[in-house]
1. What number of residues in the stretch 25-40 are more than 18 Å from A78 (Cα to Cα) and assigned to a helix (DSSP H, G or I)?
2. For L89, state whether it is in a loop (DSSP other than H, G, I, E, B) and either crowded, with 17+ Cβ neighbours inside 10 Å or at pLDDT below 90 (or both).
3. For the stretch 15-40, give me each residue that is surrounded by 14 or more Cβ atoms within 10 Å (Cβ to Cβ), of a type outside the set (S, T, Y) and within 24 Å of N71 (Cα to Cα).
4. Taking the criterion of being exposed (fewer than 12 other Cβ atoms within 10 Å of the Cβ), assigned to a helix (DSSP H, G or I) and at pLDDT 90 or above, would at least one residue in the stretch 4-14 satisfy it?
5. Taking the stretch 41-86 as the search range and keeping residues that are surrounded by fewer than 13 Cβ atoms within 10 Å (Cβ to Cβ) and part of a strand (DSSP E or B), which one is modelled with the highest pLDDT?
Amino acid sequence: MDPVTSLPEHTVLAMTGELWRHLLQQNPKTALALGKKTLVFGRCTPLDKVSIVSSFVKYVDITLMCGDGGNDSGALKAAREYAILLIGLGHVL
């Protein structure tokens, strides 16, 4: 059974960085298909963030990255569009 086609049409997911890495190593096609249904990626290392954003830039063309610290800089650089949050300063760049 294909895990992507068995999901109802309007399903949205949340995915951890660890799950993303596992899916990407085992079946990149499934990782990208499930990634398209994922609204939140959480508990990600800086390398996970770069991997997720780079994959979306290459295959999906959805590339907004929002970050608030130095550990986001690689993924921010990889994205086509980004927002940097400056916490405590009341600004978004």
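The values are calculated or read from the model by the stated rules, or taken from the named source; none is laboratory data. Small disclaimer: the values here were computed from a predicted structure and weren't measured. In this analysis, Cβ positions are derived from the backbone assuming ideal geometry, glycine residues included, and neighbour counts consider all displayed protein chains.
1. Of the residues in that region, 8 qualify.
2. Working: in a loop (DSSP other than H, G, I, E, B): yes; either crowded, with 17+ Cβ neighbours inside 10 Å or at pLDDT below 90 (or both): yes.
Yes, satisfied.
3. Going residue by residue through the stretch 15-40, those that are surrounded by 14 or more Cβ atoms within 10 Å (Cβ to Cβ) are 15-17, 19-21, 23-24, 30-35, 37-38.
Among the residues that remain, those that are also of a type outside the set (S, T, Y) are: 15, 17, 19-21, 23-24, 31-35, 37.
Across the stretch 15-40, the qualifying residues are M15, G17, L19, W20, R21, L23, L24, A31, L32, G35.
4. no
5. G42
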